[in-house]
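Enquirer: Pasting in a structure now, in structure tokens, and then I'll have a few things to ask.
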Amino acid sequence: MSKIIEKNSLEDNRFKTISDFKWCVNSGGEIEFEYNDRVFGIFPKLKRTSESGMQMLICEKFVDNQQKTEKWCKDADEILEYMIDGKRLRDIITKVKVTDRTI
């Protein structure tokens, strides 16, 4: 017998605090969120650099030239400094519409 896994509601996905966001990101969570009718993603990736290890990519999704919006970060604090429409993610993360998140 299969168990059906329900999808989280937008309220379940929403970050209530910055600590909630940092825990998710630092635990390897993937996040998709909307802000001002634009969609962004945060993805943990192994990046080949002189310093091996996990880094995180944040970028706007569905844009022709993604390189303009992508930023590689070493931790959640650095991701929280990412700028969207002149605002740091730290200042808006509890207000964005989180459409999908793991962990």
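Enquirer: If you stretched the chain out fully between Lys16 and Glu34, how much longer would it get, using 0.36 nm times the residue separation minus the C-alpha to C-alpha distance? Please list the in-between numbers first.
Expert: Values: separation 18, 0.36 × 18 = 6.48 nm, distance 1.56 nm.
Roughly 4.9 nm would be gained on extension.
Enquirer: Just how much of Asp75 is accessible, in Å², when a 1.4 Å probe is used and the result is rounded to the nearest 10?
Expert: Approximately 50 Å² of Asp75 is accessible to the 1.4 Å probe.
Enquirer: At 1.4 Å probe size, with no ligands or nucleic acids counted, give the accessible surface of Arg88 in Å², nearest ten.
Expert: Approximately 80 Å² for this residue.
Enquirer: Among the lysines, select those whose C-alpha is under 18 Å from the C-alpha of Lys95, and discard any that sit fewer than 8 residues away in the same chain.
Expert: Within reach: Lys16, Lys22, Lys87.
Enquirer: Find how much the distance from Ile92 to Trp72 grows on full extension, using 0.36 nm per residue of separation minus their present alpha carbon separation; answer in nm with one decimal.
Expert: Values: separation 20, 0.36 × 20 = 7.20 nm, distance 1.94 nm.
The Ile92-Trp72 span can extend by a further 5.3 nm.
Enquirer: Just list whichever of Lys7/Lys61; Lys7/Lys71; Lys7/Lys74; Lys7/Lys68; Lys68/Lys97 have alpha carbons separated by over 27 Å in the model shown.
Expert: Numbers: Lys7/Lys61 21 Å; Lys7/Lys71 29 Å; Lys7/Lys74 29 Å; Lys7/Lys68 32 Å; Lys68/Lys97 22 Å.
Check vs 27 Å cut-off fails for Lys7/Lys71; Lys7/Lys74; Lys7/Lys68.
Enquirer: Of Val39, Val98, which has the most accessible area and how do the rest follow, probe 1.4 Å?
Expert: Values: Val39 30, Val98 0 Å².
Solvent-accessible surface, decreasing: Val39, Val98.
Enquirer: Going by accessible area, probe 1.4 Å, with all protein chains left in place, what is the ranking of Lys61, Lys45, largest first? Please list the in-between numbers first.
Expert: Values: Lys61 50, Lys45 85 Å².
Highest to lowest solvent-accessible surface, that is Lys45, Lys61.
Enquirer: Something else about it: Give me the number: length gained by fully extending Ser27 to Phe43, i.e. 0.36 nm times residue separation minus the C-alpha to C-alpha distance, one decimal in nm. Mind showing how you got there, number by number?
Expert: On the way: separation 16, 0.36 × 16 = 5.76 nm, distance 1.12 nm.
My answer for the length gained is 4.6 nm.
Enquirer: Now for a separate question. Could you put Trp72, Trp23 in order of accessible surface area, largest first, with the 1.4 Å probe and the full protein assembly present?
Expert: On the way: Trp72 75, Trp23 140 Å².
From most accessible down to least: Trp23, Trp72.
Enquirer: Rolling a 1.4 angstrom probe over the protein chains, ignoring ligands and nucleic acids, what is the accessible area of Glu34 in square angstrom, nearest 10?
Expert: About 70 Å², ignoring ligands and nucleic acids.
The values are calculated or read from the model by the stated rules, or taken from the named source; none is laboratory data. Keep in mind the model is a prediction, meaning the values are calculated, not measured. Protein only, heavy atoms only, side chains kept; ligands, DNA and RNA dropped before computing areas. Shrake-Rupley method; radii C 1.70, N 1.55, O 1.52, S 1.80 Å.
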